[in-house]
């Protein structure tokens, strides 16, 4: 029988079709209004403020997890983050080319996530954050928290109604960060339109070759729940997921995956990606 194993309040091993998959792993459904772009535009977007924040507070850990020093964010840098997000929201993003838009939406998603967590810190997991004034929390993804070009937008809108359906690129899952240990790393530099594809390739290789993405238990293949939640983005089947993993796997992992035909289980750690310097709850 498929089951859920709760190992800690923040670590969840997911091994079947769960209620949370329906909540978190939303379908990719295009919001047509955001398809507009100008392929002839040469305008660029300045992400220096976000880049500075990332370099100041993202700390690579010994477990290869990039962690954010939420407790160390100064009042000045919190104001800089707020200003950066407000400036992005004020841009006529529909007038930019696709590459600039791609970097824009990724950076905006990640900056909003850091803003939300830093504002509500300390928490043990982003899933504890309630932006709906309810008695329980499903996380901050659904509420509309920003207005862009007259449209109110949520984190779910950015990921599932803009990024995924417009770009149809599985590497998006290595770029957007949900402030959790199980998530692909929050990078120490901002995405920019000119290099977004090259950096996404690097992010894909980094995660696939980490135990958070692929591990083995008594010979059984265990993968990150990201590949199960978003199976349609990775070919729609175990074969598709395995082909994707082999594409980015290093020689040792590729050899281990060569004879695999199925996935035995999946897991995800929802613990907050805070640093060891942050106070424990």
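Which of the numbered conditions does residue 121 fail, given that it passes all the others? Conditions: (1) surrounded by fewer than 19 Cβ atoms within 10 Å (Cβ to Cβ); (2) touching a residue at least 12 places away in the same chain (Cβ under 8 Å); (3) more than 18 Å from the chain's Cα centre (by Cα); (4) under 23 Å from residue 27 (Cα atoms).
Here residue 121 meets the rest and fails (4).
Select from segment 12-46 the residues that are surrounded by fewer than 12 Cβ atoms within 10 Å (Cβ to Cβ), modelled with pLDDT of 95 or more, within 23 Å of the chain's Cα centre (by Cα) and outside any helix (DSSP H, G or I) and list them in ascending order.
29
Report yes if some residue within segment 225-238 is out of contact with any strand residue (DSSP E or B) (no Cβ under 8 Å at 6 or more places or on another chain), surrounded by 15 or more Cβ atoms within 10 Å (Cβ to Cβ), within 23 Å of residue 126 (Cβ to Cβ) and without any contact (Cβ under 8 Å) to a residue 12 or more places away in the chain; otherwise report no.
For segment 225-238, residues out of contact with any strand residue (DSSP E or B) (no Cβ under 8 Å at 6 or more places or on another chain), surrounded by 15 or more Cβ atoms within 10 Å (Cβ to Cβ), within 23 Å of residue 126 (Cβ to Cβ) and without any contact (Cβ under 8 Å) to a residue 12 or more places away in the chain: present.
For the condition surrounded by fewer than 21 Cβ atoms within 10 Å (Cβ to Cβ), on the phi < 0 side of the Ramachandran plot and in a helix (DSSP H, G or I), what is the one hit in 165, 143?
Going through 165, 143 in turn, the sole match is 165.
Please indicate, with yes or no, whether at least one residue in segment 111-125 is modelled with pLDDT of 95 or more, touching a strand residue (DSSP E or B) at 6+ places or on another chain (Cβ under 6 Å), within 21 Å of residue 172 (Cα to Cα) and not in a loop (DSSP other than H, G, I, E, B).
No, every residue in segment 111-125 fails to be modelled with pLDDT of 95 or more, touching a strand residue (DSSP E or B) at 6+ places or on another chain (Cβ under 6 Å), within 21 Å of residue 172 (Cα to Cα) and not in a loop (DSSP other than H, G, I, E, B).
Select from segment 47-61 the residues that are crowded, with 19+ Cβ neighbours inside 10 Å and assigned to a strand (DSSP E or B) and list them in ascending order.
Going residue by residue through segment 47-61, those that are crowded, with 19+ Cβ neighbours inside 10 Å are 47, 50, 53-54, 57-58.
Once the filter is applied, which keeps residues that are crowded, with 19+ Cβ neighbours inside 10 Å and assigned to a strand (DSSP E or B), segment 47-61 yields only 58.
Of the residues 253, 242, only one is touching a residue at least 40 places away in the same chain (Cβ under 8 Å) and over 19 Å from the mean Cα position of the chain (by Cα); which?
253
Would you tally the residues in segment 177-196 being outside any loop (DSSP other than H, G, I, E, B) and either in contact with a strand residue (DSSP E or B) (Cβ under 8 Å, 6 or more places away or on another chain) or surrounded by fewer than 14 Cβ atoms within 10 Å (Cβ to Cβ) (or both)?
Quick first cut of segment 177-196, residues outside any loop (DSSP other than H, G, I, E, B) only: 180, 193-196.
Next, only the ones that are either in contact with a strand residue (DSSP E or B) (Cβ under 8 Å, 6 or more places away or on another chain) or surrounded by fewer than 14 Cβ atoms within 10 Å (Cβ to Cβ) (or both) stay: 180, 194-195.
The qualifying residues number 3.
Residue 9 versus (1) modelled with pLDDT under 95; (2) assigned to a loop (DSSP other than H, G, I, E, B); (3) within 19 Å of the chain's Cα centre (by Cα); (4) surrounded by 13 or more Cβ atoms within 10 Å (Cβ to Cβ): which is the lone unmet condition?
(3)
Residues in segment 80-88: is at least one within 18 Å of the chain's Cα centre (by Cα) and modelled with pLDDT under 95?
No, segment 80-88 contains no residue that is within 18 Å of the chain's Cα centre (by Cα) and modelled with pLDDT under 95.
The values are calculated or read from the model by the stated rules, or taken from the named source; none is laboratory data. From a predicted model like this one, the values you see are computed outputs, not experimental measurements. Note that each Cβ is placed from the backbone with ideal geometry, even for glycine, and that neighbours are counted across all protein chains shown.
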